[in-house]
Amino acid sequence: MKCTVCKQPAVVRLPSHHARFCAEHFDVFFMRRVEKAIKRYKLLKKGERVLVAVSGGKDSLVVTDVLHRLGYDVCGLHIDLGISANQFSAESLEVCREFFSKRNIPLEVYNLKEKFGKTIEDVGERIGRFCSTCGMTKRYVMNAVAHQKKVDALATGHNLDDLSAALFANLLRWEMRYLSKGTPHLPAEGNFCRKIKPLVLLFENEIHFYAKLHNIRVVTASCPHSKKAKFKRYKELLNSIEQKSPGTKRFFYEKYSQIAHIFKAENEAKISLRPCSICNMPTSTEICAFCKTWKI
Ligand code: AMP
Ligand code: FES
Ligand code: ZN
Ligand code: ZN
């Protein structure tokens, strides 16, 4: 197997691009895919300040690494959820700290236990729901810290596999609200800053390979409360289609990203936001879900 570019031995084969690459040309390919996403979806302008939400997993660390290498003014945010099982939160925090200190990039750690005296485990057990409470909490904290730091954009590590599986799941149920929000660029609105997904043109295996190539240590423990089984099934289903017809997954998501405004129009007419009476962040109820969960 030879590299499509230089004809030296290749180390990776990418069927959906009809290409094989050596390590050097894979790196060039990867950086160009992120640059292409930034340009196509108008994610960032040169020199803008971007806060990357990092979990310690491969996607968010890789997106931080690439944006930093491309010269953006990057800082990180890690939310310490306080999940003790599997040493999940302890390992996630350690991995993030190591990554950011090696590159000399500032990292803010938001520790829920320190701020509110309780962890996701305390709250999840009380309410009987972990994942949805955790998702709501992470979204709130990301928005609040991005607003407080006055950054131009908030980036997450979502990749093409995540986004196409979410699209598939939301289409099956015609979840108009989520269908309007699955795009790689959500413009700033009121107190919410612009949200971007720079890995939108990259697959999970490509990100995994980039992390390996650059010796990026990622968290190995998995969250004991995660309910991603259904999501995983959708990913597997799309992968089996992709295997038979390479390029389908990319086409599926890219076509959606061109017509997503249809869903946005439908959604905007229905939801009106106002400031939360406790924290002032936009919400559809008098007190936002975050304040109800963590402050009352
Ligand atoms: P998930 O919802 O766990 O699939 O994560 C989606 C994205 O949210 C990741 O790629 C990260 O950018 C961000 N994220 C997840 N967990 C955390 C965390 N504990 N702290 C900060 N950002 C996170
Ligand atoms: Fe939030 Fe598992 S990471 S419940
Ligand atoms: Zn090569
Ligand atoms: Zn609030």
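For the Cα trace of the stretch 36-120, dividing Rg by the Kirkwood Rh returns an Rg/Rh value of 1.04.
Using a 1.4 Å probe over the heavy atoms of the protein chains, calculate the carbon and sulfur portion of the accessible area of the chain as a whole percent.
Looking at the chain in its full context, I get 53 percent from C and S.
Each listed q (0.10, 0.16, 0.22 Å⁻¹) maps to a log10 I(q)/I(0) for the stretch 179-295, found by the Debye formula over equal Cα scatterers with no solvent: -0.52, -1.13, -1.28.
Among beta bridges from DSSP that stay inside the chain, the antiparallel ones total about 35%.
Springs join every pair of Cα atoms under 10 Å in this Gaussian network model of the chain, and among Lys195, Lys228, Lys118 the largest mean-square fluctuation is at Lys228. Put simply, the Cα atoms of the chain extend 63, 43, 38 Å along their principal axes, the longest span coming first. Taking max minus min of the alpha-carbon positions on each principal axis, the stretch 81-212 gives extents of 39, 38, 34 Å, largest first. Only Cα pairs under 8 Å and 6+ residues apart enter the sum, and on that basis the relative contact order of the chain stands at 20 percent.
For the chain, with a Gaussian network of springs between Cα atoms less than 10 Å apart, report the residue from His214, His158, His185 with the top mean-square fluctuation. Of His214, His158, His185, the Gaussian network model singles out His214 as fluctuating most.
Cross-linked pairs Lys232/Lys295; Lys181/Lys255; Lys197/Lys228; Lys36/Lys235; Lys42/Lys244; Lys195/Lys232: Cα-Cα separations exceed 22 Å for Lys232/Lys295; Lys36/Lys235; Lys42/Lys244; Lys195/Lys232.
If both residues of a DSSP beta bridge must be in the stretch 142-296, then about 60% of such bridges are antiparallel.
Subtracting the Cα-Cα distance of Asn86 and Arg103 from their residue separation scaled by 0.36 nm leaves 3.4 nm. The residues of the chain present an accessible area of 52 Å² per residue when probed at 1.4 Å with all protein chains retained.
The values are calculated or read from the model by the stated rules, or taken from the named source; none is laboratory data. These figures come from a predicted structure and were not determined experimentally. Accessible surface areas use protein heavy atoms only, side chains included; no ligands, DNA or RNA. Shrake-Rupley method; radii C 1.70, N 1.55, O 1.52, S 1.80 Å.
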